[in-house]
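Below: the structure, in structure tokens.
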Amino acid sequence: MKELTEKTLLRESIEFNGSINELKEKIQITTEKKFKLEWISGNEFTIHSKISLGTFIISSYPEYFDGIKGFGKLIELKNGKTQIDLNTKLRIELYFMGIIPILAIFITFLRGKEIPSWSIFLFPFIILWFWSIYRFQEKILFRKFRNYIKAQ
């Protein structure tokens, strides 16, 4: 199961021409960002998309919903450069989209009613649909971050 969830996550590495401190300085100086960055610890951060229509976020301050989010970790390389590892986590909405249909089919079965065959194919399609929408937005977020880092 862990292998399956690992394949659904987005991972990317970016190399920055400078130290971790230079990268942090660049992030603090430049205010025009197309994403919101929050530091978790000294070398770890989250990036949030300012716009995420699928999760009802249309500003840079997601208060009730997480929105489209990525996680980053800074690793100082020996050649004076910094490696930025970006990744995503499996969204809880996808768990719900997987559990609810199974419960609905199970309850229908317990009630002795016939399960429509189309519903068995519909539920996996819905999960794939939402996963692909989230993935598309996560890739856009990573691209915005990559372009921001590469612009020097």
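The values are calculated or read from the model by the stated rules, or taken from the named source; none is laboratory data. Quantities reported herein were computed from a predicted structural model and do not represent experimental measurements. Each accessible area value is taken on the protein alone, full model and side chains, heavy atoms only, with ligands, DNA and RNA left out. Shrake-Rupley method; radii C 1.70, N 1.55, O 1.52, S 1.80 Å.
Give the relative contact order (percent, whole number) for the chain; include only Cα pairs under 8 Å separated by 6+ residues.
Relative CO of the chain lands at 27 percent.
Of the accessible area of the chain, with the probe set at 1.4 angstrom, what percent is carbon plus sulfur? Walk me through the numbers on the way to the answer.
Details: 6450 of 10450 Å².
Carbon and sulfur together cover 62 percent of it.
What list of ³J(HN,Hα) values in whole Hz, one per residue of the stretch 9-21 in order, does the Karplus curve 6.51 cos²θ - 1.76 cosθ + 1.60 (θ = phi - 60°) give from phi, with Gly and Pro shown as x?
8, 9, 10, 8, 10, 10, 10, 9, 7, x, 7, 4, 5
From the backbone phi of the stretch 116-129, what are the Karplus-calculated ³J(HN,Hα) couplings (6.51 cos²θ - 1.76 cosθ + 1.60, θ = phi - 60°) in whole Hz, Gly and Pro given as x?
x, 5, 5, 5, 5, 8, 5, 5, x, 4, 4, 4, 5, 4
Determine ³J(HN,Hα), in whole Hz, for all residues of the stretch 88-103 in sequence, where each value follows from phi through the Karplus function 6.51 cos²θ - 1.76 cosθ + 1.60 and θ = phi - 60°; x replaces Gly and Pro.
After applying 6.51 cos²θ - 1.76 cosθ + 1.60, I find 10, 10, 5, 7, 5, 4, 5, 5, 4, 5, x, 7, 4, x, 5, 5 Hz.
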